[in-house]
1. State which residue is farthest from MET162 (Cα to Cα) when the search covers only the stretch 1-57 and only residues that are within 18 Å of the chain's Cα centre (by Cα) and of a type in the set (Phe, Trp, Tyr).
2. Please enumerate the residues belonging to the stretch 154-181 that are surrounded by 10 or more Cβ atoms within 10 Å (Cβ to Cβ) and under 16 Å from LEU82 (Cα atoms).
3. Would you mind finding the one in LYS78, LYS72, LYS17, LYS54 that is loosely packed, with under 11 Cβ neighbours inside 10 Å and within 25 Å of MET124 (Cα to Cα)?
Amino acid sequence: MKITETKLKGCFILKPKIHVDERGLFFESYHKTILDQAIGKSINFIQDNISVSKKRVLRGLHYQTGVHSQAKLVQVLKGEVLDVIVDLRKESITFGQHFTLKLSSENKKSIFIPKGMAHGFLAMTDDVIFSYKCDSHYCKDAERGIKYNDPDLKIDWETKGMDLIISPKDLQLPLWKDLHL
């Protein structure tokens, strides 16, 4: 497995070694020891989540606060997404910056997202199956978000000519300038 840090400090792309033969293929999508060594600390994932999305569904940008903040390991099991991460850590040298990457069942990449980052994705194909491990349980009272099209963040969601499907809740998320981080 090849693990490389993104431009966001502490956020890593995992690219597995894929073994192919006449039967199909095999790869390790997660190996605790290898990930812990790469990121320099031990992560204890305690919850796995799956979401299924139609093409054009945009989810995010979401995060949790305080003791409920979550580190995540995300990957796509079917289809393709544009994955977006925003650094919310005031002490970070990449505070306020974002990173995008296409994750797909074809490229088999995953992303480790440390605590203190907002996350979202856009389904680029039909029937996307998105998987993510979390190191803290979901807590409704700690749930927060940032509006996906925030003018200060200037995220290119690659949506030109696309009618997005966004939950009413996500459409009501605050702008970056209105966050109390």
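Taken together, the values in this text are just the output of simple stated rules run on the coordinates, not laboratory data. Because the structure is predicted, anything quoted here is derived from the model rather than measured. Quick reminder, even Gly has a Cβ in these numbers, built from the backbone with ideal geometry, and neighbours come from all protein chains shown.
1. PHE45
2. ILE155, ASP156, TRP157, GLU158, THR159, MET162, LEU164, ILE165, ILE166
3. Values: LYS78 fails: loosely packed, with under 11 Cβ neighbours inside 10 Å; LYS72 fails: loosely packed, with under 11 Cβ neighbours inside 10 Å; LYS54 fails: loosely packed, with under 11 Cβ neighbours inside 10 Å.
Answer to the check: LYS17.
Condition check ((1) under 17 Å from THR4 (Cα atoms); (2) more than 12 Å from the chain's Cα centre (by Cα)) across all residues:
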residue: VAL74; (1), (2): yes, no
residue: GLY79; (1), (2): no, yes
residue: LEU88; (1), (2): no, yes
residue: THR94; (1), (2): yes, yes
residue: PHE112; (1), (2): yes, no
residue: ALA118; (1), (2): no, no
residue: THR125; (1), (2): no, yes
residue: VAL128; (1), (2): no, yes
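Here is a yes/no grid of residues against (1) touching a Lys or Arg at 6+ places or on another chain (Cβ under 7 Å); (2) touching a residue at least 60 places away in the same chain (Cβ under 8 Å); (3) crowded, with 17+ Cβ neighbours inside 10 Å; (4) in a loop (DSSP other than H, G, I, E, B):
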{"residue": "ILE34", "(1), (2), (3), (4)": "no, no, no, no"}
{"residue": "GLN37", "(1), (2), (3), (4)": "no, no, no, no"}
{"residue": "SER42", "(1), (2), (3), (4)": "no, no, no, yes"}
{"residue": "VAL86", "(1), (2), (3), (4)": "no, yes, yes, no"}
{"residue": "ILE93", "(1), (2), (3), (4)": "yes, yes, no, yes"}
